[in-house]
Amino acid sequence: MNRRGWRGLAGLALAGLAALAGSLGGCTGRQGAGQATTGQATAELPYPYRESTQRSVVSFSGQLAAASSTNLSLRQGAWGLISWMKEEGQPIASGELAAVIDMSQSEDQLIFSVSSLRAARHSLREHALDTPRTLAESQSEVESKARLLAQRRQELAWLRAGPTPDQVWKAVTAVDTAAQAGSFSRQVLEGQRRVTERGFDSPFTLRSRELDARAREVEWSYNRQLLDRLLAGPKPEELAKGAFQVEVAAGEAALARNQLESASASRQVDAKGLEFEIEVRGAELRETNDRLDQRRLLAPTAGLVIHPMMWGEKFARGREVWEDVPFMKIVATSGFEVDCSVDEPVSALLKTGATATVRLDAFPDRALPGRLTFIGKSPRQQIFRRRSQFKKFPVTVAVDVGSLPVRLGLKARITVVATEATGVFLPRDVVGGTEASPTVRIPGLLGGASPRPVQVVPFDSDLVRWLDPPASEGTVLYP
């Protein structure tokens, strides 16, 4: 007899004893004695035990689903309108055409990307051809300013060094030559004057000789001043002017070099900018080509075609689709699983890989083998859930349907053996004491019974396992 039968018999016995005690109390008029008799009878209620094998079975329900499915969607920012798609419920083979997407906007973008890339490459070629000419002009300006600086420095060096002997000799020679020429001009002038006074020549010739003599005097005076300047040396203002001209020339040369470096850097920056633009245009072109490659989508796997719903409507021809929006699902028909939601206490008893028995509502007489493949660690979101209601955890059970003509969405009932053990098992209400110090009342040979410390571990919500029984079978008393 199982433990439920024993507990039923114990309940009947308890009720009979209570009725007998009540009748005795009513006859004698001593109600207190009747209550004591009832308590004594309840305390002496026996529970026979023996070693057995117990199983903790957990049952829950679920819905039949495909073991694997593939979502068909666009990627990489693609967008378009469904031009054609495989009908829902139709089988589809791997690599078969599943949908055709109209991407006219991406085709226009492709034309724009090609023209932009061509224009950027042409600009880079023109820039490469124009760079040597631009830098040559700047280089020529640098060389010109460098020659001017060298000239100014040489002039300042000559000014600081003073006149050379050759320069002094040339100046003295020029003064002597001018003096001799002036003396000769004066002699010619005196002779011309006598000739003119005697009437042998015109006054105009005399005037010409006077001007020539005066010019010779001016030439001598100029050469004399040059000689005095050479012998006196350079003036401070002349040295300051020469140094200032050197500084100006040096600044112009540095400015020309900076302009050359700036022009070279500017041309390099422009070239890098054009190269970056070419890369950007090339990337846009590749992305556009990748999008256009999705105009004809092939089935990645074989299975049945399902049209998902979005905003209350199923995807169909003419509807808009965009990136990462699954508009078609291909479910594999080679394997099935049961999708379940179980309470938190039940989820704590389950283990991944445990065997299960699955019964479909459409085939209640067929027990199908199954196996727990997934147990969720976080609860599913429930929009309408009462505070007192348990959280629901997702559980997946793989099931072998064999050749049964099943369809997706069938209701299923799953039975799982959570634990199985062999030993002595007692009801939880037989064990007294506290959780830290449990006790069991064992009847003695002389009829007395006292609590005895024992070792027990929980087995399920109703039973505990007795680890140190005195024998493999016997009797204990309810506390």
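The values are calculated or read from the model by the stated rules, or taken from the named source; none is laboratory data. Just so it is clear, the structure is predicted and the values come from calculations on it, not from any experiment. Glycine also receives a Cβ, built like all others from the backbone with ideal geometry; neighbour counts cover every protein chain displayed.
Among the listed residues ALA243, ALA249, which satisfies the condition of being of a type in the set (Gly, Ala, Ser), at negative phi, crowded, with 17+ Cβ neighbours inside 10 Å and in contact with a Leu (Cβ under 9 Å, 6 or more places away or on another chain)?
Within the list ALA243, ALA249, the selection yields ALA249.
Just wondering, is there one or more residues in segment 155-174 that are β-branched (Val, Ile, Thr) and surrounded by 13 or more Cβ atoms within 10 Å (Cβ to Cβ)?
Scanning segment 155-174 turns up at least one residue that is β-branched (Val, Ile, Thr) and surrounded by 13 or more Cβ atoms within 10 Å (Cβ to Cβ).
Output the number of the condition that SER183 fails; it satisfies all remaining conditions of (1) under 30 Å from LEU148 (Cβ atoms); (2) part of a helix (DSSP H, G or I).
The failed condition is (1).
Of all the residues that make up segment 386-445, how many are closer than 30 Å to LEU304 by Cβ and basic (Lys, Arg)?
4
Take the residues in segment 287-316 that are farther than 16 Å from LEU72 by Cβ and of a type in the set (Asp, Glu), then tell me which one is surrounded by the fewest Cβ atoms within 10 Å (Cβ to Cβ).
By that ranking, first place goes to GLU313.
What is the residue count in segment 192-215 for residues that are outside any helix (DSSP H, G or I) and either touching a residue at least 60 places away in the same chain (Cβ under 8 Å) or of a type in the set (Ser, Thr, Tyr) (or both)?
Keep residues of segment 192-215 that are outside any helix (DSSP H, G or I), which gives 198-202.
Right, trim to either touching a residue at least 60 places away in the same chain (Cβ under 8 Å) or of a type in the set (Ser, Thr, Tyr) (or both) and you get 202.
Total meeting the criteria: 1.
If only one of ARG125, ARG75 is under 30 Å from SER334 (Cα atoms), surrounded by fewer than 17 Cβ atoms within 10 Å (Cβ to Cβ) and among the basic types (Lys, Arg), which one is it?
That would be ARG75, the only listed residue that is under 30 Å from SER334 (Cα atoms), surrounded by fewer than 17 Cβ atoms within 10 Å (Cβ to Cβ) and among the basic types (Lys, Arg).
Looking at segment 115-131, I want the residues that are more than 12 Å from GLU275 (Cα to Cα) and modelled with pLDDT of 90 or more and have a partner that is of a type in the set (A, V, I, L, M, F, W, C) and surrounded by 12 or more Cβ atoms within 10 Å (Cβ to Cβ) with Cβ atoms under 6 Å, at least 6 apart or on another chain. Which pairs are those?
Pairs that qualify, where the first residue is more than 12 Å from GLU275 (Cα to Cα) and modelled with pLDDT of 90 or more and the partner is of a type in the set (A, V, I, L, M, F, W, C) and surrounded by 12 or more Cβ atoms within 10 Å (Cβ to Cβ): there are none.
With (1) surrounded by fewer than 16 Cβ atoms within 10 Å (Cβ to Cβ); (2) of a type in the set (D, E, K, R); (3) closer than 16 Å to LEU45 by Cα as the list, and ARG441 as the residue in question, which single condition is left unmet?
Here ARG441 clears every test but (1).
Sort out for me the strands (runs of 3 or more DSSP E) sitting completely within segment 392-454 that have 1 or more residues that are polar (S, T, N, Q) and touching a Phe, Trp or Tyr at 6+ places or on another chain (Cβ under 8 Å).
392-399, 411-427
Among the residues of segment 265-286, are any β-branched (Val, Ile, Thr), surrounded by 12 or more Cβ atoms within 10 Å (Cβ to Cβ) and under 30 Å from ARG75 (Cα atoms)?
Looking through segment 265-286, at least one residue is β-branched (Val, Ile, Thr), surrounded by 12 or more Cβ atoms within 10 Å (Cβ to Cβ) and under 30 Å from ARG75 (Cα atoms).
On the basis of being modelled with pLDDT of 80 or more, under 34 Å from the mean Cα position of the chain (by Cα), over 30 Å from LEU298 (Cβ atoms) and part of a strand (DSSP E or B), does VAL358 make the cut?
Against the criterion (modelled with pLDDT of 80 or more, under 34 Å from the mean Cα position of the chain (by Cα), over 30 Å from LEU298 (Cβ atoms) and part of a strand (DSSP E or B)), VAL358 does not qualify.
Kindly list the number of the only condition in (1) in contact with an Asp or Glu (Cβ under 8 Å, 6 or more places away or on another chain); (2) farther than 19 Å from SER56 by Cα; (3) surrounded by fewer than 17 Cβ atoms within 10 Å (Cβ to Cβ) that fails for PHE363.
Of the numbered conditions (1) in contact with an Asp or Glu (Cβ under 8 Å, 6 or more places away or on another chain); (2) farther than 19 Å from SER56 by Cα; (3) surrounded by fewer than 17 Cβ atoms within 10 Å (Cβ to Cβ), the odd one out for PHE363 is (1).
If I filter segment 444-460 down to residues being among the hydrophobic types (A, V, I, L, M, F, W, C) and in contact (Cβ under 8 Å) with a residue 40 or more places away in the chain, which single residue comes out as farthest from VAL57 (Cα to Cα)? Don't jump to the end; show me each part of the working.
Restricting attention to segment 444-460, the residues satisfying the condition of being among the hydrophobic types (A, V, I, L, M, F, W, C) are 445-446, 449, 454, 456-457, 459.
The next check asks that each one be in contact (Cβ under 8 Å) with a residue 40 or more places away in the chain; those that pass are 449, 459.
Values: ALA449: 35, PHE459: 11 Å.
The qualifying residue farthest from VAL57 (Cα to Cα) is ALA449.
Condition test on SER185, is it within 30 Å of ALA271 (Cα to Cα), in the same structural domain as ARG214 (by TED's automatic domain parsing) and of a type outside the set (A, V, I, L, M, F, W, C)?
Taking the combined requirement at face value, the residue does not satisfy it.
Out of GLY282, GLY273, GLY312, report the one residue that is farther than 30 Å from HIS127 by Cα and out of contact with any His (no Cβ under 8 Å at 6 or more places or on another chain). Outline the logic, then answer.
On the way: GLY282 fails: farther than 30 Å from HIS127 by Cα; GLY273 fails: farther than 30 Å from HIS127 by Cα.
Going through GLY282, GLY273, GLY312 in turn, the sole match is GLY312.
List the number of the failed condition for LEU211; all other conditions in (1) among the hydrophobic types (A, V, I, L, M, F, W, C); (2) surrounded by fewer than 15 Cβ atoms within 10 Å (Cβ to Cβ); (3) in contact with a strand residue (DSSP E or B) (Cβ under 6 Å, 6 or more places away or on another chain) hold.
(3)
May I ask you to verify whether GLN151 is closer than 30 Å to VAL246 by Cβ and either surrounded by fewer than 13 Cβ atoms within 10 Å (Cβ to Cβ) or modelled with pLDDT of 75 or more (or both)?
yes
Look at LEU227 and say whether it is surrounded by 13 or more Cβ atoms within 10 Å (Cβ to Cβ), within 25 Å of ALA161 (Cβ to Cβ) and not β-branched (Val, Ile, Thr).
Here the answer is yes, as LEU227 does meet what is asked.
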